[in-house]
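Worksheet: one structure, shown below.
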Amino acid sequence: LTKTGTVDIKDSRISYQSHLSEVAHEMAIQQAFVATVDERLRDFGMEGHWDKVPFVLELQGGRLMDLVDLKERWPIDGSLSMNGVLAEVKGTLGGENSEETYSLHVQINGDRLSALNEILRIDLPDSAPFMVAADVLQKSHAIDLKNIQAKLGSSEIAGQLNMQTQDTRQKIVGTLTADIIQVNDFLLSPKVPTREASAQHSSSPVPEFL
């Protein structure tokens, strides 16, 4: 540590459970490191599993101790690869403007929507490749999403949104436009029938939907 300025972590395990949920999460870290780039910048890397889903994190940011104050902008430039999904983030956290929490450009790519199921514990269908990108600015009571670009197969959506927190409610205002929306991009992928199933359907006089 004193000679190289590098911290290595291996074979660690972290369990987490929110007081709002009964679901527990576990992160197994096979290898992680923090390395000094210069007086202000650090390289961060981590490889492991989150709830048994493999991930690789690569990030360049500021010093960890600077996160406590954040009077100066904390730079962030990194990527997270997980289960066929790649998330890239670049921007800053904090700064002199106390109302701004962060200002980031975020882009997420994947080969299918269902790749998010194991990560987010939701049930999305298989789909065409997708991409979502936006400039995200969080203030004390609002989040601005500017320059939104979203693609699902051949469908494309663009626009901007503003999300404001009012007491326990959220107000969302914005504009989204689409030059083309292909309905097939949002449909479930058809399953390939087996020979046995095909034979049963072909011999049955009753339509399948009945």
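The values are calculated or read from the model by the stated rules, or taken from the named source; none is laboratory data. These figures come from a predicted structure and were not determined experimentally. Glycine also receives a Cβ, built like all others from the backbone with ideal geometry; neighbour counts cover every protein chain displayed. In case anyone asks, the SASA skips ligands and DNA or RNA and just uses the protein heavy atoms, side chains included. Shrake-Rupley method; radii C 1.70, N 1.55, O 1.52, S 1.80 Å.
In the chain, carbon and sulfur make up what percent of the accessible area (probe 1.4 Å)? Ligands and nucleic acids excluded, carbon and sulfur give 55 percent.
A cut-off under 12 angstrom between Cβ atoms defines the neighbours of residue 59, and their net charge, with Lys, Arg +1 and Asp, Glu -1, is -2. Helix content alone sets the calculated 222 nm mean residue ellipticity of the chain: runs of n ≥ 4 DSSP H residues at -39500 (n - 2.57) each, divided across all residues, give -1500 deg cm²/dmol. Between beta-carbons, use under 14 Å as the cut-off and find the net charge around residue 108, counting Lys and Arg +1, Asp and Glu -1. Taking every other residue near residue 108 into account, the sum is 0.
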